[in-house]
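The values are calculated or read from the model by the stated rules, or taken from the named source; none is laboratory data. All of these numbers come straight from a predicted model, not from anything done at the bench. Note that we place each Cβ from the backbone using ideal geometry, even for glycine, and neighbour counts take in every protein chain shown. Just the protein is used for accessible areas: all its heavy atoms, side chains included, with ligands, DNA and RNA removed. Shrake-Rupley method; radii C 1.70, N 1.55, O 1.52, S 1.80 Å.
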Amino acid sequence: MPAINVNPTRMELTRLKGRLKTAIRGHKLLKDKRDELMKQFLDVVRENRALRAKVEQALMQAHGSFTVASAVMSSEVLEQSLLYPKQSVDLDMTFQNIMSVNVPVYHFKTKSESAGEIYPYGFATTSGELDDAVDALSGVFQDMLHLAEIEKTSQLLAEEIEKTRRRVNALEYVKIPQMEEAIKYISMKLDENERASTIRLMKVKDMILKESIQEKREETAKAVKAFGDSGEAPAEV
């Protein structure tokens, strides 16, 4: 018996063959999608690795500059210098479709294009190390935003790869074998029923033939008996 309950009819056999054809085609498409997702995922991972190293290096440089600035400046002056920022930014998010996966794309824009707007303080009471630190953070911000975009993309791609892999395995190891087994079972049942019908027809034919022979024998016996009673030769049969 197959793993799924089916009626051994020709209509069910035709339906299962159609489903099997669709499942095989879907299995191939899902495998192609999984392979392309893996390719896209590996490209994103490589980009993520290089960009993360760049961001970490820039943050270490900014942290070092802040450390030096905090050493040469008082904490009160440092806090007051950075308390009220002059520059503001607008951040928009859109989506990009990668193999039916919507990944975020961030768009960063500053309110002012002037490079000096990143410094919210006067240069008379601050050290050059603080300028270096602010400049380093301003430069790394774009890369940090792009890094967040790439990491979210890699996470979404990994989830989609896992879902696609489960679907491929379900079709390859469960659904398709079950349908093939059901088709084989129905075909065997139909062949068995056809052989049984053929045997029944042969038996009916034999019975009809035997009855015909028996009737002829009875007719012959009656004719012989009639000849014996009348003394005339029987008609040839």
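Remarks
- Residues of segment 38-59 classified as acidic (Asp, Glu) and under 16 Å from Leu156 (Cα atoms), total: 2
- Within segment 122-179, restricting attention to residues that are touching a residue at least 40 places away in the same chain (Cβ under 8 Å) and not in a helix (DSSP H, G or I), the residue that is most open to solvent (accessible area, probe 1.4 Å) is Thr125.
- Enumeration of residues in segment 16-43 that are more than 28 Å from Gln178 (Cβ to Cβ), surrounded by 15 or more Cβ atoms within 10 Å (Cβ to Cβ) and out of contact with any strand residue (DSSP E or B) (no Cβ under 8 Å at 6 or more places or on another chain): Phe41
- When residues of segment 65-79 are limited to those that are closer than 26 Å to Asp143 by Cβ and free of Cβ contacts under 8 Å to residues at least 24 places away in the same chain, the one surrounded by the most Cβ atoms within 10 Å (Cβ to Cβ): Ser70
- Residue within segment 44-57 that is more than 30 Å from Val134 (Cβ to Cβ), open to solvent by 60 Å² or more (accessible area, probe 1.4 Å) and within 20 Å of the chain's Cα centre (by Cα) present: no
Conditions tested, residue by residue: (1) of a type in the set (S, T, N, Q); (2) closer than 30 Å to Glu151 by Cα.
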site: Thr9; (1), (2): yes, no
site: Arg19; (1), (2): no, no
site: Thr22; (1), (2): yes, no
site: Arg25; (1), (2): no, no
site: Lys28; (1), (2): no, yes
site: Met60; (1), (2): no, yes
site: Ser75; (1), (2): yes, no
site: Ser81; (1), (2): yes, no
